[in-house]
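Below: the structure, in structure tokens.
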Amino acid sequence: MEDRFENFTYLVLKTGKIIQRIKNIEMEKYGLKAVHVMCIYHLSKHPVGLTNKEIVSLTFEDKAAISRALTLLMEKNIVTSQDGESRNIFTLTDYGNKIANYIDDRSMAALKKSGLGVTDKERDEFYSTLRKIEKNIENHYQELLKK
């Protein structure tokens, strides 16, 4: 019998690790790491800016990691910070937008390569199934928290 737990966790974790490694390679020339990719990505999708807490929520990284990432991004003039009502709002600089465009280009290239031999129908079914699995795992996690 197929070991579903082992297969599922192995494939998900391996895919995640490889994506992290790709991000690190792609960001090397900017002196950045994988954690910075998703900060820049989400800030590029929210031009009015995001708070540290919002970035943490969107990236699933811990608060300390995002704080360190934002500090480095500000030091490198990729992100700027303005005082909001009760907290800082982070936005991309022009240089940050240039890097965001690079991230978009490189992520599209990676997606194209990862989808070789996969039909549109297979891709749609995969994402639909993965969304169901993610929702079910999240529900199970929330139930465990209530115990």
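Here are a few things to note about the model shown:
- Test: residue in the range 112-125 that is in contact (Cβ under 8 Å) with a residue 12 or more places away in the chain, within 24 Å of Glu26 (Cα to Cα) and not in a helix (DSSP H, G or I): no
- Out of Thr129, Thr91, sole residue that is modelled with pLDDT of 95 or more and either small (Gly, Ala, Ser) or over 23 Å from Lys17 (Cα atoms) (or both): Thr91
- Residue match in the range 70-81 (condition: of a type outside the set (Phe, Trp, Tyr) and within 27 Å of Glu134 (Cβ to Cβ)): yes
- Output for the range 77-102, where each listed residue is more than 20 Å from Lys53 (Cβ to Cβ) and either more than 20 Å from the chain's Cα centre (by Cα) or not assigned by TED's automatic domain parsing to the domain that holds His42 (or both): Asn77, Asp94
- Within the range 112-147, being of a type in the set (A, V, I, L, M) and surrounded by 10 or more Cβ atoms within 10 Å (Cβ to Cβ) holds for Val118, Leu130, Ile133, Ile137.
Here's the yes/no breakdown for (1) over 14 Å from the mean Cα position of the chain (by Cα); (2) surrounded by fewer than 17 Cβ atoms within 10 Å (Cβ to Cβ):
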| position | (1), (2) |
| --- | --- |
| Glu2 | yes, yes |
| Phe5 | yes, yes |
| Phe8 | yes, yes |
| Leu13 | yes, yes |
| Val37 | no, no |
| Leu43 | no, no |
| Ile55 | no, no |
| Ala65 | no, yes |
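- Per the conditions (1) among the hydrophobic types (A, V, I, L, M, F, W, C); (2) in a helix (DSSP H, G or I); (3) modelled with pLDDT of 95 or more, the sole criterion not satisfied by Leu32 is (2).
- The range 1-29: number of residues that are farther than 22 Å from Asn97 by Cα and either assigned to a helix (DSSP H, G or I) or among the hydroxyl-bearing types (Ser, Thr, Tyr) (or both): 16
- Across the range 39-60, the qualifying residues are those that are in contact with a Lys or Arg (Cβ under 8 Å, 6 or more places away or on another chain) and part of a helix (DSSP H, G or I), and the one among them that is nearest to Thr93 (Cα to Cα) is Asn52.
- Where Glu26 falls short, out of the listed (1) free of Cβ contacts under 8 Å to residues at least 60 places away in the same chain; (2) surrounded by 14 or more Cβ atoms within 10 Å (Cβ to Cβ); (3) acidic (Asp, Glu): (1)
The values are calculated or read from the model by the stated rules, or taken from the named source; none is laboratory data. These figures come from a predicted structure and were not determined experimentally. Cβ coordinates were reconstructed from backbone atoms using ideal geometry, including for glycine residues, and neighbour counts include every protein chain displayed.
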